[in-house]
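Enquirer: Here it is, the structure in full.
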Amino acid sequence: MERELNKAVLAHINIPEDSAHIFAEKAHQFEEIMMMYQCAIQEVTTKLEVLSREMSVRNNRNPIETIKYRIKKPQSIAEKLVRNGCEVTVESISQNLNDVAGVRVICSFIDDIYTIAKMLTSQDDIHLVQVKDYIKKPKKNGYRSYHMIIEIPVFFSDRKKHMRVEVQIRTMAMDFWASLEHQVRYKKDIPDSAEMSEHLKKCADVIAETDAEMQNIAHKINLV
Ligand code: 0O2
């Protein structure tokens with residue numbers, strides 16, 4: 001859909017009318033695809049909220065503590081496409097990126113993570129594309145979390161589109177570490193040092209031990 005462009009404005013900023021129309025068209029395509037990813041997030045969070053509501057009524061406890069979500073920022077999208085050697089175009093986004101739409105589920109215990117993952121992926125409209133289990137196999141820096149790429153159908157006015165969403169499931173303790181590590185790593189005026197990496201790794205290991213102990217306690221009292 002072409003949008004009306006103000007000729008006086010275009011002349012003023014010295015952009016030929018043709019390029020401005022191409023720009024407006026591309027911007028609109030980008031807006032449309034972002035809207036689709038937003039809708040996919042809405043579908044996934046609704047499913048998780050339904051599970052959460054059901055479990056809080058049927059079980060004596062609800063394993064889902066919090067559900068968060070985010071859409072990848074345009075700059076991060078462009079940077080990831082360039083990093084992966086892909087074209088930076090609107091078409092390239094859905095062809096090459098799986099994590100434009102991201103949903104994060106925070107649980108109490110490690111077992112809860114696998115329970116939630118199974119509940120979600122056993123629904124017959126969800127297609128599991130990829131699993132990265134950074135709990136069984138943590139990253140070298142100590143990062144732990146359970147990542148899945150899923151495909152979910154979204155019904156628009158004229159078509160059904162299968163959209164990809166990255167679902168990260170982690171305990172509160174894993175989330176605490178990842179959030180702080182993210183802040184420390186992105187603090188631009190402090191260079192990454194081996195010492196800091198070692199400190200962060202130690203914290204991750206302590207947190208993992210605590211998670212395991214809390215789970216043992218929960219097992220002992222038949223909580224999970
Ligand atoms: P943000 O801010 O969350 O958007 P792939 O997608 O398979 O090509 P990628 O992107 O490395 O490869 O996927 P992976 O390993 O599944 O990790 C993607 C996301 O996991 C990251 O998204 C982070 O959210 C989180 N993550 C992965 N490793 C780390 C880590 O070492 N520390 C922290 N704090 N988070 C991590 P983005 O896009 O990098 O960031």
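Enquirer: From the list Ser193, Ser157, Ser122, Ser145, which one is closer than 18 Å to Cys107 by Cβ, without any contact (Cβ under 8 Å) to a residue 40 or more places away in the chain and exposed (fewer than 10 other Cβ atoms within 10 Å of the Cβ)?
Expert: Answer to the selection: Ser122.
Enquirer: Ile149 is checked against (1) more than 10 Å from the ligand (Cβ to nearest atom); (2) under 20 Å from Ile126 (Cα atoms) and fails just one. What number does that condition carry?
Expert: Exception for Ile149: condition (1).
Enquirer: Filter the stretch 160-190 down to the residues that are of a type in the set (Gly, Ala, Ser) and within 9 Å of the ligand (Cβ to nearest atom), then identify the one that is surrounded by the most Cβ atoms within 10 Å (Cβ to Cβ).
Expert: Ala178
Enquirer: Here is a further query. Out of (1) surrounded by 14 or more Cβ atoms within 10 Å (Cβ to Cβ); (2) touching a Cys at 6+ places or on another chain (Cβ under 9 Å), the odd one out for Tyr114 is which?
Expert: Checking Tyr114 against (1) surrounded by 14 or more Cβ atoms within 10 Å (Cβ to Cβ); (2) touching a Cys at 6+ places or on another chain (Cβ under 9 Å), the one that fails is (2).
Enquirer: Would you point out the residue of the stretch 90-119, among those that are among the polar types (S, T, N, Q) and in contact (Cβ under 8 Å) with a residue 12 or more places away in the chain, that is nearest to Arg70 (Cα to Cα)?
Expert: Asn98
Enquirer: Whether any residue in the stretch 103-117 is more than 26 Å from His162 (Cβ to Cβ), touching a Lys or Arg at 6+ places or on another chain (Cβ under 6 Å) and assigned to a helix (DSSP H, G or I) is what I want to check.
Expert: no
Enquirer: Answer yes or no: is there a residue in the stretch 167-188 that is among the small types (Gly, Ala, Ser), within 30 Å of Tyr37 (Cα to Cα) and touching a helix residue (DSSP H, G or I) at 6+ places or on another chain (Cβ under 6 Å).
Expert: yes
Enquirer: In the stretch 56-86, how many residues are more than 16 Å from the ligand (Cβ to nearest atom) and buried (at least 18 other Cβ atoms within 10 Å of the Cβ)?
Expert: Matching residues across the stretch 56-86 total 2.
Bear in mind that the values in this text are calculations on the coordinates, not laboratory data. Please read all numbers here as calculations on a predicted model, not as lab measurements. Note that we place each Cβ from the backbone using ideal geometry, even for glycine, and neighbour counts take in every protein chain shown.
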